[in-house]
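The values are calculated or read from the model by the stated rules, or taken from the named source; none is laboratory data. No experiment lies behind these values; they were computed from the predicted model shown. Neighbour counts run over all protein chains shown; Cβ positions are idealised from the backbone, glycine included. Ligands, DNA and RNA are excluded from the accessible area calculation, which covers all protein heavy atoms including side chains. Shrake-Rupley method; radii C 1.70, N 1.55, O 1.52, S 1.80 Å.
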Amino acid sequence: MQLNRETIAQLAEHLENAELQAHDVVKITDAHPEMDWDDAYAIQEEIRRRKIARGTKIVGLKCGLTSYSKMRQMGVETPCFGFVTDYGCVPDGGEVKVAELIHPKIEPEICFVMKHALKGPGCHIGAVLAATDFIIPGLEIIDSRYRDFKFDLKSVIADNTSAARFVVGGQPQPVSEVDLRTVGLVMEKNGVPVAFGAGAAVLGHPAAAIAMLANHLGARGEEIPAGALILSGGVTEAVAVAAGDHINLRVQGMGSLGVRFV
Ligand code: OOG
Ligand code: MG
């Protein structure tokens with residue numbers, strides 16, 4: 001750790017205020033170039049603590065930057081992990097108010113719901129599949145608090161990996177019913193297909209993202225709890241959205257889900 005407790009608390013407040021007031025900020029590594037990975041996750045942890053203290057419920061975990069499309073789009077090379085909240089959960093077919101966000105983008109994801117807890121180190125896709133209750137399609141609405149969505153990995157980790165809103169829906173399936181590498185998906189914006197992908201875009205197999213999360217938490221003495229919902233990461237590049245847009249996601253053998261921006 002390079003930053004002291006006061007700086008971590010101050011940066012968490014700064015980033016969370018930007019989220020709650022929907023205004024952008026410059027990336028925090030500009031003023032704190034010395035900050036390290038532990039500082040970045042400590043700031044995210046402090047944002048989480050602030051939310052829980054205010055009565056917010058943490059309803060799931062997320063993996064980010066797990067596909068090469070996303071890594072290339074954002075100019076980073078390593079996955080990152082964050083959390084999703086009760087107020088971020090939008091029902092299938094529901095509305096997202098763009099006035100509450102800065103510059104939202106949307107991306108298709110495969111979500112896992114765990115039957116058993118999972119603890120690294122040494123977690124692999126076999127352990128993930130054995131511990132999974134079911135998988136379900138999802139859409140994540142990301143909204144980096146950084147100006148023009150420009151950041152480095154430490155800044156985005158501190159900013160809870162741009163988490164803003166998410167939708168799960170469609171047809172849940174047991175992992176035995178789906179080839180998670182070849183499962184295809186199409187995301188449509190206002191009826192026009194705009195992004196296409198297959199599960200293998202996420203680290204070769206989306207369960208590999210969940211294994212990485214378990215190993216990341218294990219190194220910190222934590223685990224993925226039984227029952228957890230986990231977003232495994234955007235399969236394609238994220239697509240910018242504005243008021244009036246409607247997004248629909250179709251996932252092979254797993255139905256479809258949608259969301260409207262107002
Ligand atoms: C970081 C969040 C990435 C994903 O699924 O890759 C993410 C960002 O691109 O702003 O949620
Ligand atoms: Mg995502």
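How many residues does the stretch 57-111 hold that are modelled with pLDDT of 95 or more, small (Gly, Ala, Ser) and open to solvent by 30 Å² or more (accessible area, probe 1.4 Å)?
The qualifying residues number 2.
Does at least one position in the stretch 171-181 carry a residue that is of a type outside the set (A, V, I, L, M, F, W, C), open to solvent by less than 20 Å² (accessible area, probe 1.4 Å), part of a loop (DSSP other than H, G, I, E, B) and modelled with pLDDT of 95 or more?
No.
From Leu61, Leu11, which residue is closer than 23 Å to Val167 by Cβ and not acidic (Asp, Glu)?
The match here is Leu61.
Ile47 fails exactly one of the following numbered conditions: (1) more than 22 Å from Phe112 (Cβ to Cβ); (2) surrounded by fewer than 18 Cβ atoms within 10 Å (Cβ to Cβ). What is the number of that condition?
In the conditions (1) more than 22 Å from Phe112 (Cβ to Cβ); (2) surrounded by fewer than 18 Cβ atoms within 10 Å (Cβ to Cβ), Ile47 misses (2) alone.
Being of a type in the set (Asp, Glu), open to solvent by 80 Å² or more (accessible area, probe 1.4 Å) and assigned to a loop (DSSP other than H, G, I, E, B) is the filter here; which residues of the stretch 9-41 pass it?
Glu34
Kindly list, by first and then second residue, each pair from a residue in the stretch 54-71 that is closer than 20 Å to Glu16 by Cα and in a loop (DSSP other than H, G, I, E, B) to a residue that is open to solvent by 40 Å² or more (accessible area, probe 1.4 Å) and more than 9 Å from ligand 2 (Cβ to nearest atom), limited to pairs with Cβ atoms under 7 Å and residues at least 6 apart or on different chains.
From residues that are closer than 20 Å to Glu16 by Cα and in a loop (DSSP other than H, G, I, E, B), the pairs are Thr56/Asp86; Thr56/Tyr87; Lys57/Asp86.
Which of the residues belonging to the stretch 130-159 are more than 9 Å from ligand 1 (Cβ to nearest atom), of a type outside the set (A, V, I, L, M, F, W, C) and open to solvent by less than 20 Å² (accessible area, probe 1.4 Å)?
Thr132, Pro137, Gly138, Arg145, Ser155
Out of curiosity, is Arg165 assigned to a loop (DSSP other than H, G, I, E, B), at negative phi, open to solvent by 10 Å² or more (accessible area, probe 1.4 Å) and touching a strand residue (DSSP E or B) at 6+ places or on another chain (Cβ under 9 Å)?
Against the criterion (assigned to a loop (DSSP other than H, G, I, E, B), at negative phi, open to solvent by 10 Å² or more (accessible area, probe 1.4 Å) and touching a strand residue (DSSP E or B) at 6+ places or on another chain (Cβ under 9 Å)), Arg165 does not qualify.
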